[in-house]
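Only one structure is covered here, and it is reproduced in the block below.
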Amino acid sequence: MTAHIALPSASTCQRYVVAVAASVFAESVVWCDCPAFDAVLVLPGELPPHSGHRAVLAWNHYFGWALGVEDTPNSSFSVIECLGLGRMPDPFVCADRAVELIAQATD
């Protein structure tokens, strides 16, 4: 017996990512055409240990969200830590967890 994971529709994914973007006050949403991530949200601030590089949240419809930092503006980023909340957690839960991880990175 093979297990199948039901994937959300493209429109559901888009609405979800936009809702998370609003909850974290993202400056922009970058839709990705790569296997690693479906979308990247550019956050309005930086992670203190990575001064000069904006913080991002990256989403993969199989694994969920990860906090990262831009390597170079508008081109690539490095993942710092997964949010660990599942595939499609509530947008405000994502925002709370992102704030928590950013605060931990500051300490």
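Overview of values
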item	result
Boolean, residue 96 is modelled with pLDDT of 90 or more, open to solvent by 70 Å² or more (accessible area, probe 1.4 Å), out of contact with any helix residue (DSSP H, G or I) (no Cβ under 8 Å at 6 or more places or on another chain) and among the charged types (D, E, K, R)	yes
Looking only at region 70-93, and only at residues there that are at pLDDT below 90 and of a type in the set (A, V, I, L, M, F, W, C), the one that is farthest from residue 29 (Cα to Cα)	80
Residue check, residue 8 touching a residue at least 40 places away in the same chain (Cβ under 8 Å), out of contact with any helix residue (DSSP H, G or I) (no Cβ under 6 Å at 6 or more places or on another chain) and surrounded by 11 or more Cβ atoms within 10 Å (Cβ to Cβ)	yes
Search result, residues across region 11-29 that are outside any strand (DSSP E or B), free of Cβ contacts under 8 Å to residues at least 60 places away in the same chain, open to solvent by 40 Å² or more (accessible area, probe 1.4 Å) and small (Gly, Ala, Ser)	11
Residue satisfying condition, being touching an Asp or Glu at 6+ places or on another chain (Cβ under 8 Å) and open to solvent by less than 40 Å² (accessible area, probe 1.4 Å), within set 58, 66	66
Near pairs, Cβ below 6 angstrom, 6+ apart or cross-chain, from region 80-107 (on the phi < 0 side of the Ramachandran plot and touching a residue at least 12 places away in the same chain (Cβ under 8 Å)) to any residue that is among the charged types (D, E, K, R) and not in a helix (DSSP H, G or I)	101/81
Number of positions in region 30-73 that are among the charged types (D, E, K, R) and part of a loop (DSSP other than H, G, I, E, B)	2
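The values are calculated or read from the model by the stated rules, or taken from the named source; none is laboratory data. All values derive from a computational prediction rather than experimental measurement. Glycine also receives a Cβ, built like all others from the backbone with ideal geometry; neighbour counts cover every protein chain displayed. These accessible areas exclude ligands, DNA and RNA; they are computed on the full protein's heavy atoms, side chains included. Shrake-Rupley method; radii C 1.70, N 1.55, O 1.52, S 1.80 Å.
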